[in-house]
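Structure, as structure tokens:
The values are calculated or read from the model by the stated rules, or taken from the named source; none is laboratory data. What you see is a predicted model, and the numbers here were worked out from it, not measured in a lab. Note that each Cβ is placed from the backbone with ideal geometry, even for glycine, and that neighbours are counted across all protein chains shown. To get the accessible areas, we keep the full protein, side chains included, count just its heavy atoms, and leave off ligands, DNA and RNA. Shrake-Rupley method; radii C 1.70, N 1.55, O 1.52, S 1.80 Å.
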Amino acid sequence: MTDPTSGPTVGAPPDPAAGPRRWTLRGARTEYVVAVPAHGRWLELVAWGPHGVGDGPSPVEYAGPVPFLTAGDAAPVEYATDAARPFTGADLVVETAGGDRRIGLEFAGAEAGPSRLVVTFADRVTGLRADIGYEIPAGTDVVRRWVELTNAGAEPLRLHRAGSAGFCVPTPHGATVSYQWGQWAQEFQLDSVDLGHGEFTVGSSQGVPGHAYLPWLAVRDRAEPAGSTWGMALDWTGSWEISATRDTGGLTRVRAGRRLADGPLDLPPGDRIALPAVTGAYSPDGLGGLARVWHDHQRRLAGERLVPRPVLYNSWEATYFAVDAENQLALARIAAELGVETFVVDDGWFVGRDDDTGGLGDWTPDPAKFPAGFDTFVRQVRELGLTFGLWVEPECVNPRSALYAAHPDWVYQVRGRPLTPVRNQYLLDLGRPEVAEFVHSTVDGLLRRYDIGYLKWDFNRPRTEAGRDWPAATGAAGRADLDGAHVANLHRVYETLRRDHPHVLIEACAGGGARTDLGMAARADVFWPSDNTGPLDRLAIQYGFLHANAPHLLSSWVTDSPGFFDPRPRSLAFRFVLAMAGVLGIGADIRHWTPEQRAEAAGWVARYKEIRDVVTHGTVHLVGGPDRSRCAVQYTAPDGDTVVVLAWHTGRLDGPGVLPSRPVRLPLAGLDPAAGYRHDTRRYSGSHLTTVGLPVRWTADHDAELVVLRRA
């Protein structure tokens with residue numbers, strides 16, 4: 001990064017004679033270049049792409065006429081108030097106590113380091129200060145952006161829009177915008193729209209990222225389907241919004257940040273608010289290359305916790321709420337024989353929990369279900385050589401519980417209005433200090449009392465009420481930021497638990513995949529992407545998931561479920577190979593598996609343990625797709641010596657053995673063309689595998705394949 005020219009002091013007008021201020025942030029293979037124009041009213045993107053992209057005319061700069069607009073409406077502004085971009089989309093809209101808007105900012109200085117930049121703008125009238133931050137984590141190709149707003153004036157301010165960043169992408173031939181839509185049991189459905197002109201928006205008002213859309217977007221020029229692609233993802237576990245707008249001049253600008261579903265945010269004099277970080281990513285290799293950039297970033301977020309995850313068994317689909325020591329131990333004994341390493345007791349273990357109408361909030365093991373004591377039960381599981389895991393949903397409460405009877409004021413509510421139950425439960429107001437302390441102490445107490453090494457943290461309802469029964473919620477400090485307080489305390493509880501219990505793996509779940517964002521990727525060890533474990537449905541879910549998330553975050557189970565949308569039967573082998581694409585788990589009622597099925601399962605578990613280091617750390621290439629004749633995932637070890645290919649048959653057969661047919665070919669990527677790669681007795685050149693492809697032949701009895709290639 002180059003050092004800026006020394007700028008004026010905070011609050012002083014810009015000095016036109018100082019000329020533009022320009023900074024370059026460099027990643028492993030990319031660079032991000034920004035500058036403050038001579039007028040000093042905003043920060044502009046110069047270029048974003050491979051190294052050297054900024055050494056020439058800017059691909060996004062525009063200095064021509066703007067009929068019926070302002071200059072900022074057409075400029076590649078990095079962070080814009082409604083004074084800078086009044087007509088084509090502002091990131092920040094602020095209102096004064098007198099009702100005035102269109103607050104303008106002026107350059108007030110910058111601090112630059114080797115991989116970090118903070119550019120400050122200020123408004124001399126209101127005293128509003130905006131610190132616009134950038135960071136490229138060492139060795140990555142992502143740029144992390146954030147904004148901190150400070151009210152240094154004497155009057156209160158109100159934020160009607162509080163976006164975190166604007167990303168500008170050159171799309172001269174039109175934009176293709178990729179996104180992921182879904183619903184419960186059908187998350188991470190990868191799709192795209194062609195954006196000639198106008199705006200495309202996704203988001204959530206549920207207080208969580210939600211099932212409907214992922215807080216992730218990718219943009220490329222329509223003429224380059226496999227070329228330069230830019231991505232954006234939010235570090236925010238609350239309500240959010242991402243919008244892409246393409247103007248008539250060929251610029252696509254992506255705005256990302258919080259969705260203020262509960263109304264504007266108050267910023268009293270002297271207060272500061274940090275808006276969520278947004279991370280941008282670039283790859284010259286299309287969506288697949290962009291996925292690899294995200295994988296690398298999330299692996300770095302995991303840090304020392306990035307180790308192969310244990311093979312687990314979860315009891316939910318086997319026993320549902322009918323949990324007791326006898327049936328859980330029966331499952332645990334079989335699981336241990338299969339080679340499982342962690343046994344997780346799901347919902348139904350605590351008092352009052354015979355169905356979903358009661359018990360939430362009363363986190364005490366049910367003595368009727370564990371007559372010898374929960375300690376004894378946990379010890380018996382551990383004596384089988386298994387780590388013990390437990391399901392919790394500490395943010396929610398049933399009306400039929402001791403907690404709700406004692407603290408009905410702890411749930412989100414609007415005074416005088418009836419509460420809205422979802423799944424027969426209410427949502428605790430985690431933003432309240434005493435509620436956050438209850439949630440933390442409850443989970444912390446379980447981890448200290450019992451020998452627990454795995455925690456599945458669930459969240460089965462969105463927030464519906466935008467209020468709280470708490471006098472301190474309003475007053476001189478203004479209205480409460482319910483969404484912000486909930487997210488901040490959620491993140492804080494996760495961080496504290498991981499600090500105090502570093503050996504415990506935490507799985508983040510929200511009725512499936514409704515809580516997957518970069519904020520949780522930095523604080524959880526694995527995601528539960530969907531409650532749908534049907535094999536063909538799950539294949540489509542995992543295909544989308546891996547475009548935005550690394551394999552170490554993908555929890556996947558082998559179950560007996562047929563699925564909801566494509567219930568065509570698939571073999572046990574198909575289910576195992578599918579679950580091996582991330583963190584292997586089993587959720588079937590294995591008490592009913594035949595000896596032959598158990599033997600086959602044990603074999604697959606053993607094979608997974610041989611490849612999971614490559615799955616965890618390897619470079620991922622997605623081959624084909626779930627709706628195509630070719631569907632596979634390739635993992636290449638960091639040293640390039642081992643290549644793992646998981647492949648699945650998703651369509652019709654072509655009459656093998658009866659009619660003329662040839663094997664399906666899976667073109668691999670990233671191999672040394674001159675090297676040899678061996679699988680069993682077959683040897684292939686890297687050139688053959690990348691140009692002709694790895695052959696697989698599907699039959700009625702063979703619908704999945706695990707191939708391990710080793711460089712000869």
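Could you check region 403-443 and list, in sequence order, the residues that are assigned to a helix (DSSP H, G or I), open to solvent by 20 Å² or more (accessible area, probe 1.4 Å) and in contact with a helix residue (DSSP H, G or I) (Cβ under 9 Å, 6 or more places away or on another chain)? Give the steps one after another, and end with the answer.
Here is the first cut: in region 403-443, the ones assigned to a helix (DSSP H, G or I) are 403-406, 408-410, 433-443.
With open to solvent by 20 Å² or more (accessible area, probe 1.4 Å) added as a condition, the list becomes 404-406, 408-410, 433-434, 437-438, 440-442.
Tyr404, Trp410, Pro433, Glu434, Phe438, His440 - these are the residues of region 403-443 that are assigned to a helix (DSSP H, G or I), open to solvent by 20 Å² or more (accessible area, probe 1.4 Å) and in contact with a helix residue (DSSP H, G or I) (Cβ under 9 Å, 6 or more places away or on another chain).
Please verify whether Leu622 is open to solvent by 30 Å² or more (accessible area, probe 1.4 Å) and in contact with a Gly (Cβ under 6 Å, 6 or more places away or on another chain), treating the condition exactly as stated. Working first, answer last.
Values: open to solvent by 30 Å² or more (accessible area, probe 1.4 Å): yes; in contact with a Gly (Cβ under 6 Å, 6 or more places away or on another chain): yes.
Yes: the conditions hold for Leu622.
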### Summary
Listed by first then second residue, the pairs whose first member lies in region 250-264 and is closer than 15 Å to Val147 by Cα and open to solvent by less than 30 Å² (accessible area, probe 1.4 Å), whose partner is acidic (Asp, Glu) and modelled with pLDDT under 95, with beta carbons under 6 Å and at least 6 positions apart or on separate chains, are none
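Quick test for you: out of Gln186, Gln180, pick the one residue that is assigned to a loop (DSSP other than H, G, I, E, B), among the polar types (S, T, N, Q) and in contact with a helix residue (DSSP H, G or I) (Cβ under 8 Å, 6 or more places away or on another chain).
Values: Gln180 fails: assigned to a loop (DSSP other than H, G, I, E, B).
Unique residue meeting the criteria: Gln186.
Within region 416-430, is even one residue over 30 Å from Phe188 (Cα atoms) and of a type in the set (Asp, Glu)?
Within region 416-430, the subset over 30 Å from Phe188 (Cα atoms) is 416-419.
Cutting the leftovers down to of a type in the set (Asp, Glu) gives us none.
No: zero hits.
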### Query
Taking region 46-57 as the search range and keeping residues that are open to solvent by less than 30 Å² (accessible area, probe 1.4 Å), in contact (Cβ under 8 Å) with a residue 24 or more places away in the chain and not β-branched (Val, Ile, Thr), which one is nearest to Gly227 (Cα to Cα)?
Gly49
### Query
Within region 444-478, can you find the residues that are modelled with pLDDT under 95, surrounded by fewer than 16 Cβ atoms within 10 Å (Cβ to Cβ) and either in contact with a strand residue (DSSP E or B) (Cβ under 6 Å, 6 or more places away or on another chain) or of a type in the set (Gly, Ala, Ser) (or both)?
Ala472, Gly475, Ala476, Ala477
### Query
Yes or no: Pro284 within 21 Å of Val143 (Cα to Cα) and open to solvent by 20 Å² or more (accessible area, probe 1.4 Å)?
yes
### Task
Determine which single condition Arg116 fails, assuming it passes every other condition in (1) over 22 Å from Pro86 (Cα atoms); (2) surrounded by 21 or more Cβ atoms within 10 Å (Cβ to Cβ).
(2)
### Query
Of the numbered conditions (1) surrounded by 22 or more Cβ atoms within 10 Å (Cβ to Cβ); (2) modelled with pLDDT under 95, Pro276 satisfies every one except a single condition; which is it?
(2)
#### Entry: Number of the exception - Ala261 against (1) over 16 Å from the mean Cα position of the chain (by Cα); (2) of a type in the set (Gly, Ala, Ser); (3) closer than 26 Å to Pro50 by Cβ
(3)
### Message
Scan region 120-131 and tell me whether some residue there is buried (at least 23 other Cβ atoms within 10 Å of the Cβ), of a type in the set (A, V, I, L, M) and within 19 Å of Gly54 (Cα to Cα).
### Response
no
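Listed here are the residues, each with its yes/no results for (1) free of Cβ contacts under 8 Å to residues at least 12 places away in the same chain; (2) within 32 Å of the chain's Cα centre (by Cα); (3) part of a loop (DSSP other than H, G, I, E, B).
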site	(1), (2), (3)
Pro59	no, yes, yes
Thr88	no, yes, yes
Val94	no, yes, no
Gly99	yes, no, yes
### Summary
Checked Trp604, Trp648 against criteria (open to solvent by less than 40 Å² (accessible area, probe 1.4 Å), under 20 Å from Gly585 (Cα atoms) and touching a Cys at 6+ places or on another chain (Cβ under 6 Å)); the one match is Trp648
### Given (1) open to solvent by 10 Å² or more (accessible area, probe 1.4 Å); (2) under 30 Å from Asn549 (Cβ atoms), number of the condition Thr357 does not satisfy
(2)
## Note on the structure
Checked pairs for region 211-229, first at pLDDT 95 or above, second of a type in the set (Lys, Arg), C-beta under 6 Å and 6 or more apart or across chains, list as Thr229/Arg220
#### Entry: Counted residues, region 234-249 - those being of a type outside the set (Phe, Trp, Tyr) and open to solvent by less than 10 Å² (accessible area, probe 1.4 Å)
7
### Task
Those residues that are open to solvent by 10 Å² or more (accessible area, probe 1.4 Å) and charged (D, E, K, R), I need them from region 29-45; list them, please.
Arg29, Arg41, Glu44
## Note on the structure
Arg612 passes all but one of the listed conditions (1) in contact (Cβ under 8 Å) with a residue 24 or more places away in the chain; (2) more than 22 Å from Ala579 (Cα to Cα); (3) in a helix (DSSP H, G or I); the exception is number (2)
### Query
Name the residues in region 310-326 that are touching a residue at least 24 places away in the same chain (Cβ under 8 Å) and open to solvent by 10 Å² or more (accessible area, probe 1.4 Å), would you?
Pro310, Trp316, Glu317, Ala318, Thr319, Tyr320, Phe321, Ala322, Asp324, Ala325
### Task
Would you point out which residue out of Ala514, Ala488, Ala508, Ala522 is within 24 Å of Arg145 (Cα to Cα) and either of a type in the set (Phe, Trp, Tyr) or touching a helix residue (DSSP H, G or I) at 6+ places or on another chain (Cβ under 8 Å) (or both)?
Ala522
### Task
For region 202-255, name all the residues that are among the hydroxyl-bearing types (Ser, Thr, Tyr), assigned to a strand (DSSP E or B) and in contact with a helix residue (DSSP H, G or I) (Cβ under 6 Å, 6 or more places away or on another chain).
Thr229
## Note on the structure
Considering residues that are crowded, with 24+ Cβ neighbours inside 10 Å and either basic (Lys, Arg) or on the phi < 0 side of the Ramachandran plot (or both), the number found within region 205-224 is 10
### Query
What's the number of the condition Ser192 fails, among (1) buried (at least 21 other Cβ atoms within 10 Å of the Cβ); (2) farther than 30 Å from Leu157 by Cβ?
(1)
### All positions within region 657-696 that are open to solvent by 90 Å² or more (accessible area, probe 1.4 Å) and acidic (Asp, Glu)
Asp680
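Can you pull out every residue in region 18-57 that is of a type in the set (Val, Ile, Thr) and part of a loop (DSSP other than H, G, I, E, B)? Steps first, answer last, please.
Initial filter on region 18-57 (of a type in the set (Val, Ile, Thr)): 24, 30, 33-34, 36, 46, 53.
Matches in region 18-57: Val53 only.
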### Task
Tell me which residues, restricted to region 161-202, are under 20 Å from the mean Cα position of the chain (by Cα) and among the polar types (S, T, N, Q).
Ser164, Ser178, Gln180, Gln183, Gln186, Gln189, Ser192, Thr201
### Task
Starting from residues that are charged (D, E, K, R) and assigned to a strand (DSSP E or B), keep the ones in region 152-176 and report whichever is most open to solvent (accessible area, probe 1.4 Å).
Arg161
